[in-house]
1. List every residue whose amide H lies under 5 Å from the amide H of Lys147, counting only residues 5 or more places away in sequence or on a different chain, with H placed 1.01 Å from N in the peptide plane.
2. What does the accessible area of Cys126 come to, in Å² to the nearest 10, when a probe of 1.4 Å is used?
3. Could you tell me which of the pairs Lys529/Lys626; Lys551/Lys626; Lys155/Lys245; Lys459/Lys529 are separated by over 31 angstrom between their Cα atoms in the structure shown?
4. Where the eigenvalues come from the Cα gyration tensor of region 464-578, what are the semi-axes √(5λ) of the equivalent ellipsoid, largest first, in whole Å?
5. On the accessible surface of region 507-640, probed at 1.4 Å, how many percent belong to carbon and sulfur atoms?
6. What is the gain in length, in nm to one decimal, between Lys626 and Arg572 on full extension, counting 0.36 nm per residue of separation less the C-alpha to C-alpha distance?
7. Rolling a 1.4 Å sphere over the protein heavy atoms, what is the accessible area per residue of region 562-633, to the nearest Å²?
8. Accessible area per residue of region 119-159 at 1.4 Å probe, in Å²?
Amino acid sequence: MALSRLRHPLIFRAPSLLRARRLLAAGPCNSSTLRSLHHVPGVLNQIPDVDASSLSLVRPLNFRLLSEVHVVPSKLQSGVRHFSSAEAPSYTEVGMPALSPTMTQGNIAKWIKKEGDKIQAGDVLCLIETDKATLEFETLEEGFLAKILVPEGTKDVPVGQTIAITVEEADDIQKIPATVGGASEVKNQASSQTDAARGDGATEVSPANISSSELPPHLILDMPALSPTMNQGNIFKWRKKEGDKIEVGDVLCEIETDKATLEHESLEEGFLAKILAPEGSKDVAVGQPIAIMVEDENDIEAVRTSISGNNVVKEEKPVHHDVTTEVRTQTTGFNRISPAAKVLITEHGLDASSIPASGPRGTLLKGDVLAALKSGKGSSNNSSVGKATPSPPQVNQQATPTKSLDLKSDGQQKDAYEDLPNSQIRKVIAARLLESKQSTPHLYLSTDVILDSLLSFRKELKEKYDVKVSVNDIVIKVVAATLRNVPGANAYWDDGKGEVVLCDSVDISVAVATEKGLMTPIIRNADQKSISSISAEIKELAGKARAGKLKPNEFQGGTFSISNLGMFPVDRFCAIINPPQAGIIAVGRGNKVVEPVVGADGIEKPAVVNKMSLTLSADHRVFDGKVGGAFVSALSSNFSDIKKLLL
């Protein structure tokens, strides 16, 4: 997989430079020069009241950002250098860097350098697990690693917290005062104590509760973050088994994320000693250990015997609820009962006194009874219905002989349905659709277009040039050309800025139904491609989508969507916008209709034509009446004369 490299000039405002300047003015003996470099992409923050010589302490930095699941070196040094003429040597405090725009904390996955090691510019100090992926943290300075303040395996280290101390000379390592970095260590201890106090019965396997002292040299593999929005994943399949030899680049397992099923490649050589999250594990949190690797094959058995299977998966102590106490604390008494609730209680033989009433003035509602049926809280006790329900005595007499029938019907109803577990993809689709419908003001515009020109053009391509394309391929080209003609439609709404942002390229997302859910592979720069190339590309992407082999860059970042149900008996429908996009076209099937058509003699005559319904769902913040009308008008015009798309 190719790595995209993004370089930004990075300069951060360092308020402490003001204090450093005042100390420098006081005299060289008390001088302390501060340099703080942090990640602020694309922003140059001016430092007030600092002269030109002080500005030389801040330099532009570059780093390479991750686009996929690979370890990428990040040349971002975050630190504070201290100079002093006292007995303590000069040293640099290396802080936790911000390796992505959204990163606020990170985990120390592995220290590549050890205390006392010589460091050259460009050497990798450690591997840092961010909110995006695991990145290599490179140094920009020469020197020696004097002290590691945040040990390997530490979780949730805030950006800016000191993680190590470096010095320029090897002799200065022993001269570093013990108090240096003490605040950072105290912060780590406080964080650990807070996490311990916060425990509510859930235990998670981590380097902290896997006793490293009992294990041979090993590497703990965590659940990676394979997409920007991923916070948990499912272990779909393990490609490697315990004891297998692993080379760099080997696929360890397939992980089902919130986007697709992706392959997780190894970045280290060794042997797979223990699988901690077995195949089929659901909702494994990002950062949770899933396996252990060792370098020596002889250490595999030692790891297996040291780690019991009970520690492996994230466990939660069962929360025991005292049913009696819970029932007492809820409002079980009621003053009234709705007719629908009365019928349900009678049919299912429930104890009405055990069902909490949520209606106004203590009214027992139908929803209360349905909730009790779902949770199984209501017990079968028809005699209580008569006591609680102000109904005639004959109701009780009728309820008693039907009790056995009700119990039988309950058993039949339990067997009448089956719970189907949702895949991770379907869960995310459901959440995003709900979010889109609730947060995006949908505007709907419909039109019918005549397909005769399109169908004749498709037939001509097949007969004259032996080029086979589908109606959907031509629809993609027409929509892409329309977006190029109406740039205001190829845009999205920026919530942060509160304004419309125009997109430079026309990237069409095409909805493809798969067994795991709806995927939207993207045709990049569709307006610049021929219909035949669009056809070949959509076939390849659709095949990958159905096999679950789409790469993130193949389904993320489209500017407009198309959903086609024309192959089904669906005449017209309205689709839901796929955020952050601002529009989606719903394509219905073609139908033969009779319409008046102007002949060559200028006289209208009835004729049979093929018409297709198109419905635009648009974000009303981006599409006002003018933009929406212009888009629909241009779309109809392009469909009426398909051949002009070849110009």
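The values are calculated or read from the model by the stated rules, or taken from the named source; none is laboratory data. Just so it is clear, the model here is predicted, and its values are computed rather than measured. Glycine also receives a Cβ, built like all others from the backbone with ideal geometry; neighbour counts cover every protein chain displayed. Just the protein is used for accessible areas: all its heavy atoms, side chains included, with ligands, DNA and RNA removed. Shrake-Rupley method; radii C 1.70, N 1.55, O 1.52, S 1.80 Å.
1. Here Ile165 satisfy the definition.
2. That residue has around 0 Å² of solvent-accessible surface.
3. On the way: Lys529/Lys626 28 Å; Lys551/Lys626 37 Å; Lys155/Lys245 29 Å; Lys459/Lys529 20 Å.
With Cα atoms farther than 31 Å apart: Lys551/Lys626.
4. Values: eigenvalues 108, 65, 46 Å².
Output for region 464-578: semi-axes of 23, 18, 15 Å.
5. Values: 3470 of 6060 Å².
C and S fraction of accessible area: 57 percent.
6. On the way: separation 54, 0.36 × 54 = 19.44 nm, distance 2.34 nm.
Length difference between fully extended and current span is 17.1 nm.
7. Values: 3600 Å² over 72 residues.
On a per-residue basis, 50 Å².
8. Values: 1360 Å² over 41 residues.
That works out to 33 Å² per residue.
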